[in-house]
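Notes to accompany the following structure.
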Amino acid sequence: MHTSLLANSAQAKARNFPVLSIGSLLDEPFTGVVYLKSSGITPDFRTLKGKRIGYVGEFGKIQIDELTSHYGMSPSDYTAVRCGMNVSKAIIEGTIDAGIGLENVQMVELEEWLAAQGRPKTDVQMLRIDELAELGCCCFCSVLYIGNEQFIAENPVNVRAFMRAVKRATDFVLEQPERAWAEYVDFKPVMGTPLNRKIFERSFAYFSRDLKNVKRDWEKVTKYGKRLGVLDGDFEPNYTNEFLAWPLDADSTDPCGDQKRMVELQKDVALAGGFQRLEISA
């Protein structure tokens, strides 16, 4: 069992890795090209021309390469730099001008670094990939619980028990975030830093309450993956909700509106801290 981004899970299956998503950890965290205002980059995608752009893995580079064609550019108009999960570090050190990151992780890391330099936290900005690619959601970066297909098929009782334990833990985190954080730090003291606390606060709104794989998100990512050429035309989404033995929430009736409200909610959390969640339109 492991966790993985939705897009990576689909891409792995397309490459014949026997993986299956059995639930969701985080729903649609905002993802995009993170940069500092001092880099010369603006909300105009074309200002990435001539810049060094960091990416985590292959899928991120493919996304940027494809976007260049929509803005009168080509992949040769920027320099791709593979950074893994060290995008923030590379921006701080000046080895890249911008990089693909998450609103609840890399942006928080850069905001805290800026504050330590006496600079405004608002100097860190993001070009959201879902908006640039006109996807209507950040579903490709939803974080999933995945497992080996054979293991899952041979151990359904254990997999169902695992997901019950995850649901119980998720309920605890959502109902008592302060206590959950305290117990986590007590178990793993090295994580008890002000930065990690802020990342936890900014991640809180994205936790999936019912853990389900969202059909709409899988459909969007499948269509997007085919557009990018990383999924074949006959690809079928590799997920199931059969191990979630509780009533599942209704899908949002206004996902685009929810995304706009999430932007404002996360701005409030960035400014004041604390634990906030969005009431999803149903």
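The values are calculated or read from the model by the stated rules, or taken from the named source; none is laboratory data. Computed from a predicted structure; not experimentally measured. Neighbour counts are summed over all protein chains in view; Cβ atoms, including those assigned to glycine, are modelled from backbone coordinates with ideal geometry.
What are the residues in region 28-58 that are assigned to a strand (DSSP E or B) and of a type outside the set (A, V, I, L, M), if any?
Once the filter is applied, which keeps residues that are assigned to a strand (DSSP E or B) and of a type outside the set (A, V, I, L, M), region 28-58 yields 31, 32, 35, 52, 54, 55.
So if I check each of 126, 85, which one is assigned to a loop (DSSP other than H, G, I, E, B) and closer than 29 Å to residue 268 by Cα?
Step by step, each of 126, 85 is checked, and only 85 is assigned to a loop (DSSP other than H, G, I, E, B) and closer than 29 Å to residue 268 by Cα.
Which condition does residue 189 not pass, out of (1) at pLDDT 95 or above; (2) surrounded by 15 or more Cβ atoms within 10 Å (Cβ to Cβ), if it passes all the others?
With (1) at pLDDT 95 or above; (2) surrounded by 15 or more Cβ atoms within 10 Å (Cβ to Cβ) applied to residue 189, the lone miss is (2).
Just the residues that are polar (S, T, N, Q), part of a helix (DSSP H, G or I) and more than 19 Å from the chain's Cα centre (by Cα), please, taken from region 250-279.
Matches in region 250-279: none.
Restricting the first residue to region 150-175 and requiring it to be over 18 Å from residue 239 (Cβ atoms), which pairs with a second residue that is in a helix (DSSP H, G or I) meet a Cβ separation below 6 Å and a spacing of at least six or different chains?
172/180; 173/180
Could you say whether any residue in region 169-189 is among the charged types (D, E, K, R), more than 17 Å from residue 274 (Cα to Cα), within 23 Å of the chain's Cα centre (by Cα) and not assigned by TED's automatic domain parsing to the domain that holds residue 113?
Yes: region 169-189 contains one or more residues that are among the charged types (D, E, K, R), more than 17 Å from residue 274 (Cα to Cα), within 23 Å of the chain's Cα centre (by Cα) and not assigned by TED's automatic domain parsing to the domain that holds residue 113.
All but one of (1) farther than 28 Å from residue 248 by Cα; (2) in a strand (DSSP E or B); (3) assigned by TED's automatic domain parsing to the domain that holds residue 203 hold for residue 101; which doesn't?
That leaves (3) as the condition not met.
Tell me, which residue of region 46-64 that is modelled with pLDDT under 95 and of a type outside the set (Phe, Trp, Tyr) is surrounded by the fewest Cβ atoms within 10 Å (Cβ to Cβ)?
58
For region 1-27, give me each residue that is hydrophobic (A, V, I, L, M, F, W, C) and part of a helix (DSSP H, G or I).
6, 7, 10, 12, 14
Looking only at residues that are in contact with a helix residue (DSSP H, G or I) (Cβ under 7 Å, 6 or more places away or on another chain), at pLDDT 95 or above and part of a helix (DSSP H, G or I) in region 129-181, which one is surrounded by the fewest Cβ atoms within 10 Å (Cβ to Cβ)?
Residue satisfying both the conditions and the ranking: 172.
Select from region 233-282 the residues that are among the charged types (D, E, K, R), closer than 21 Å to residue 171 by Cβ and in the same structural domain as residue 174 (by TED's automatic domain parsing) and write down the one among them that is modelled with the highest pLDDT.
The selected residue is 242.
Scanning region 10-37 for residues that are at pLDDT 95 or above and of a type in the set (Ser, Thr, Tyr), which turns out farthest from residue 249 (Cα to Cα)?
Among those residues, the one meeting the criterion is 35.
Looking only at region 182-224, how many residues end up being in contact (Cβ under 8 Å) with a residue 40 or more places away in the chain and in a helix (DSSP H, G or I)?
Going through region 182-224 one residue at a time, the tally reaches 17.
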